[in-house]
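Structure, as structure tokens:
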Amino acid sequence: MGIYEISLDHFLSLDDAEYEKRIVAAKAALGKRLVILGHHYQREEVFKHADYSGDSLKLSRQAAQSGAEYIIFCGVHFMAEVADILSAPEQIAILPDMGAGCSMADMANLEKVEQAWQQLATVLNPDAQIIPVTYINSAAVLKAFCGQHGGIVCTSSNA
């Protein structure tokens, strides 16, 4: 996932009517090249512009199947990462607010997981004896760690 951050400072002074006008114009100009995903937790001002709404995995699947060139994910970082993972290489997943995070998803980080794995390796062979599992609402690097060590990513429906 290529991460590019742009400054949104010049948009901060706009009023709600101007935001609305610009969003509607951008959607009209881009047509089917753009899909906006609105997670259940979004405010109505954002949610009303969504082409699809629902939970994060469902939204990522819909975006990948949409064929849209640009995927705007109105949610948090792990949601946009899943959209990026499931989408085609030519599709671009965009998270409007790079600071949008999830405290639960941030509880585990790769450094701590790798340290725990190394500590386990002092008393057993973790790759042979442990199946690492992470929840879908975790960072992509943790999903990758599980995959590299023969593990899985679970969801609320397959847990």
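Of the numbered criteria (1) at pLDDT 90 or above; (2) closer than 28 Å to Thr134 by Cα, the one Gly101 fails is (1).
Within the stretch 31-45, the set of residues being surrounded by fewer than 18 Cβ atoms within 10 Å (Cβ to Cβ) and either hydrophobic (A, V, I, L, M, F, W, C) or part of a helix (DSSP H, G or I) (or both) comprises Gly31, Lys32, Arg33, Glu44, Glu45. So, in the stretch 86-100, of the ones that are in a loop (DSSP other than H, G, I, E, B) and open to solvent by 40 Å² or more (accessible area, probe 1.4 Å), which residue ends up nearest to Ile36 (Cα to Cα)? Ranking the candidates gives Pro96 first.
Within the stretch 46-56, can you find the residues that are open to solvent by 20 Å² or more (accessible area, probe 1.4 Å) and under 17 Å from Ala100 (Cα atoms)? Residues satisfying the conditions are Val46, Phe47, Asp55.
Evaluate the stretch 112-126: report whether one residue or more is loosely packed, with under 15 Cβ neighbours inside 10 Å, in contact with a helix residue (DSSP H, G or I) (Cβ under 9 Å, 6 or more places away or on another chain) and under 28 Å from Ser7 (Cα atoms). Scanning the stretch 112-126 turns up no residue that is loosely packed, with under 15 Cβ neighbours inside 10 Å, in contact with a helix residue (DSSP H, G or I) (Cβ under 9 Å, 6 or more places away or on another chain) and under 28 Å from Ser7 (Cα atoms).
Selection of the stretch 68-85 for residues being in contact with a strand residue (DSSP E or B) (Cβ under 9 Å, 6 or more places away or on another chain), open to solvent by 30 Å² or more (accessible area, probe 1.4 Å) and more than 27 Å from Lys21 (Cβ to Cβ) yields Glu81, Asp84, Ile85.
Do we find that Ser60 is touching a helix residue (DSSP H, G or I) at 6+ places or on another chain (Cβ under 7 Å), part of a helix (DSSP H, G or I) and either of a type in the set (Ser, Thr, Tyr) or more than 23 Å from Ser157 (Cβ to Cβ) (or both) in this structure? Yes: the conditions hold for Ser60.
If you go through the stretch 128-159 and keep only what is loosely packed, with under 15 Cβ neighbours inside 10 Å and not hydrophobic (A, V, I, L, M, F, W, C), you end up with Gln129, Gly147, Gln148, His149, Gly150, Thr155, Ser156, Ser157, Asn158.
The values are calculated or read from the model by the stated rules, or taken from the named source; none is laboratory data. Note that the coordinates shown come from a computational prediction; the quantities given were computed from them, not determined experimentally. Backbone-built Cβ (ideal geometry, glycine too); neighbour counts: all protein chains shown. Protein only, heavy atoms only, side chains kept; ligands, DNA and RNA dropped before computing areas. Shrake-Rupley method; radii C 1.70, N 1.55, O 1.52, S 1.80 Å.
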